[in-house]
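Trainee: One structure follows; several queries about it will come next.
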Amino acid sequence: NHIDAILANNSGMARGAVKAVTDAGLDHVFIAGADADAANVDFVCQGKQTIEVLKDIQPLATTAADVAKQLLDGATPAGSSSIALAGKSVPVAAVRVEVITPDNVKSLLVDTGFLSADELPACKNRLAAVK
């Protein structure tokens, strides 16, 4: 029963990880999810989940559309960086993501309108303390 970390691909999987870790009575397991669902952000404020990753849909969609258009036009999409894959350099169109912690819930999620304070009852005290 020794688990150091669970890196979930999305918020739903992270919620399942939180439940499994809680049910197993395990402490101090680093749990990360991605999507910034309200339930998971609440878990972050409660300390049940360590971080949540915000993948803002607008830049993801814009970047995907730009790459698709370049491919349709017969161009090789320009990447913001590249990775080595099977001995080849493959362009990567990286899009910035934000790591959500209790300290930045207000600035990254509430102030931007991504989530409302009402959707985050476990974050209420922290949100009230941040001006």
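Trainee: I'd like the antiparallel share, as a percent to the nearest 5, of DSSP beta bridges with both residues in the chain. All intermediate terms of the calculation are to be shown ahead of the outcome.
Mentor: Values: 8 of 14 bridges.
The antiparallel proportion sits near 55 percent.
Trainee: For residue 84 and residue 104, what is the calculated FRET efficiency with R₀ set at 35 Å and r taken between the beta-carbons, to the nearest 0.05?
Mentor: Numbers: r = 33 Å, r/R0 = 0.94.
The formula returns an efficiency of 0.60 here.
Trainee: Add -39500 (n - 2.57) for each DSSP H run of 4 or more in the chain, then divide by its residues: what number comes out at 222 nm, to the nearest 500 deg cm²/dmol? Walk me through the intermediate numbers first.
Mentor: Details: 4 runs with 44 residues, N = 131.
Rounded to the nearest 500, the figure is -10000 deg cm²/dmol.
Trainee: Continuing with the same structure: Considering the values [x] -0.42, -0.65; [y] -0.32, -0.52; [z] -0.52, -0.74, which represents log10 I(q)/I(0) by the Debye sum over Cα atoms at q = 0.11, 0.14 Å⁻¹ as calculated for the structure under consideration?
Mentor: Among [x] -0.42, -0.65; [y] -0.32, -0.52; [z] -0.52, -0.74, the one calculated here is [z].
Trainee: Follow-up question, since we're still on this one. Straight-line reach from residue 69: which lysines have Cα under 24 Å away, leaving out those fewer than 8 places along the same chain?
Mentor: 55, 88
Trainee: What FRET efficiency comes out for the pair residue 24/residue 118, r = Cβ-Cβ distance, R0 = 30 Å, nearest 0.05?
Mentor: That pair, residue 24 with residue 118, gives E of 0.40.
Trainee: Shifting gears a bit: Output the peptides 86-93, 102-109 sorted from most to least packed, where packing is the average of other Cβ atoms within 10 Å over each peptide's residues. Walk me through the intermediate numbers first.
Mentor: Numbers: 86-93: 10.1, 102-109: 17.9.
The most tightly packed comes first, giving 102-109, 86-93.
Only the coordinates and a few stated rules stand behind these numbers; no lab work does. Model, not experiment: these values are computed from the prediction. A quick note on method: Cβ atoms are made from the backbone with ideal geometry, for glycine too, and the neighbour counts reach across all protein chains shown.
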